[in-house]
Amino acid sequence: MIIGTPKEVKENETRVAMTPNWAKRLVGAGHEVWLQKSAGENSGFADEAYTAVGVNLADSAEEIYEKAEFITKVKELQPQEYKLIREDQMIMTWFHLAEDYDKPMAQALVDQKSIGLSMELIVLDDGSRPTMKPMSDIAGSLAMLESVKYCQTMNGGTGLLLRKVYGLPTPRIVVLGGGHAGFNAAQVAVGLGLQTTIVEASWDRIDYLKAALPEADVVLFEENVLEKILIDCDVFINCIYPSPEPGTREPLVKRSTVKKMKKCSLIMDIAGAEIVETSHYTTLGDPTFTEEGILHYCVPNMPSLCPRTATEALLMITGPYILNIANKGL
């Protein structure tokens, strides 16, 4: 099979959907692998690392889409890619079609008669989503680390140091959602000596969090309880993702609650939109805005801040899928 990986074109997306290691395994299995020149550069993989294992380099994305039977990407198709996809061509990426609000990407897939393999919809028998876990782990950790950065005055914050300083009140962190992202965010917060509260809706997950992170307070989600906690916090990290059906759920955090928050606080929203009424998507190039007097950071692809780690972690999960599809067909 001919597998092709174009360079990501979404704004500030630095990851790549193929590493030299997995390219080597594909070539060794008898497949033809193509990569757009410099596609791996931001992730620390030079073109020479790919050609050394038998990868062919293409000058453009057009060439990749023209040659490949199986396209591997990281982020959803961008408008300039719609006309490049071909009939019966497999494209494996995070499509997030639930957020394709006017449906142009879905329509392009239908019009071109291509085959979309949506990574976020791969579900194992236990209900887990394997491709989401490593990125959620990274996004959760970065949410807390970016909070430290954006509480600094030079980044638009109010100058609050997110660290336990003896003799001063310890900053309060609230994490909504105790899944992989929320656990990692809380783990970093606890490591900084901060007062950390995780708000979670599942009793099974609460039991796990209490055992795995005893330094944090873990409380059952109730809307009035969440509002009371948020009013008193310094940083609120949302780790709940939007519903698969856009527009079907009311925001969990209303504008009226945001209005009551301390004016020196920060909302760090890894979902980017829908869960917090005042949130809307931002980019790594322009990550923050102020709404109701509260600084918001709403970047949905934070793992792009550390593409070397994120790419390696991603292929650790997607590599076997790519190899098996190449070997056996869809």
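The values are calculated or read from the model by the stated rules, or taken from the named source; none is laboratory data. Note that this is a predicted model, so its numbers are computed, not measured. Backbone-built Cβ (ideal geometry, glycine too); neighbour counts: all protein chains shown. Surface areas here come from the heavy atoms of the whole protein model, side chains and all, with no ligands, DNA or RNA. Shrake-Rupley method; radii C 1.70, N 1.55, O 1.52, S 1.80 Å.
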Positive minus negative residues near Lys67 (Lys, Arg vs Asp, Glu; Cβ under 11 Å): -4
In region 118-186, the trypsin sites (Lys or Arg not before Pro) that fall in loop regions by DSSP, at most 16 other Cβ within 10 Å: Arg163, Lys164
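What does the charge count around Leu192 come to, taking other residues whose C-beta lies under 14 Å from its C-beta (Lys +1, Arg +1, Asp -1, Glu -1)? Walk me through the intermediate numbers first.
Details: positive: Lys149, Arg163, Lys164, Arg172; negative: Glu146, Glu215, Asp234.
Computed value for this residue: +1.
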Cα long-axis angle, helix 203-212 against the chain (0 to 90 degrees, to the nearest 10): 80
For the chain, share of DSSP beta bridges that run antiparallel, in % to the nearest 5: 10
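Within 14 Å, Cβ to Cβ, of Gly54, how many net charges do the neighbouring residues add up to if Lys/Arg are +1 and Asp/Glu are -1? Numbers along the way, then the final one.
Working: positive: Lys24, Arg25; negative: Glu32, Asp47, Glu48.
Local charge sum for Gly54: -1.
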Computed E for Trp203/Asp88 - FRET, C-beta separation, R0 51 angstrom, nearest 0.05: 0.65
At R0 = 30 Å, FRET efficiency that the Cβ-Cβ distance of Lys260 and Thr170 yields, to 0.05: 0.90
For region 262-278 versus region 298-330, the gap between their alpha-carbon centres in whole angstrom: 27
Of Ile267, Leu284, Thr318, farthest towards positive along the dipole that unit charges on Lys, Arg, Asp, Glu beta carbons give region 265-330: Thr318
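Taking region 204-293, which GluC sites (Glu not before Pro) meet the DSSP loop condition and have no more than 12 other C-beta atoms within 10 Å?
Details: sites: Glu215, Glu222, Glu223, Glu227, Glu274, Glu277, Glu291, Glu292; in loops: Glu215, Glu222, Glu274, Glu277, Glu292.
Passing both the DSSP loop test and the Cβ count: Glu222.
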Crossing angle, helix 307-328 versus the chain [Cα axis fit, 0-90 degrees, rounded to tens]: 40
Hull volume in cubic angstrom per residue (convex hull over the Cα atoms of region 266-330): 108
Two-site label geometry, Ala212 and Asn224: point separation in nm, points 7 Å out along Cα→Cβ: 3.1
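Could you sort the peptides 123-130, 102-109, 50-57, 15-22 by per-residue average Cβ neighbour count (10 Å cutoff), highest mean leading? Mind showing how you got there, number by number?
Values: 123-130: 9.5, 102-109: 14.4, 50-57: 17.4, 15-22: 24.5.
So the order, starting with the most tightly packed, is 15-22, 50-57, 102-109, 123-130.
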Computed FRET value (nearest 0.05) for Ile2 with Gln107, which takes r as the C-beta separation and R₀ as 25 Å: 0.45
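For region 46-144, what does the alpha-carbon gyration tensor say about shape, rounded, prolate or oblate, given a ≥ b ≥ c as the root eigenvalues, a/c under 1.5 as rounded, and a/b over b/c as prolate?
Numbers: a/c = 1.84, a/b = 1.16, b/c = 1.59.
Oblate shape, in that a/c is at least 1.5 and b/c is the bigger or equal ratio.
Restricting to Cα pairs below 8 Å that are 6+ residues apart, what does the relative contact order work out to for region 146-201? Please round to a whole percent.
Numbers: 73 pairs, mean separation 17.1, N = 56.
Averaging sequence separation for qualifying contacts and normalising by length gives 31 percent for region 146-201.
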Lysines with Cα under 22 Å of Lys83, excluding same-chain neighbours fewer than 8 positions away: Lys7, Lys10, Lys37, Lys67, Lys73, Lys75, Lys103, Lys113
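Can you give me the accessible area per residue for the chain, using a 1.4 Å probe, in Å²?
Numbers: 14890 Å² over 330 residues.
On a per-residue basis, 45 Å².
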Separation of alpha-carbon centers, region 142-191 and region 16-90, rounded to whole Å: 38
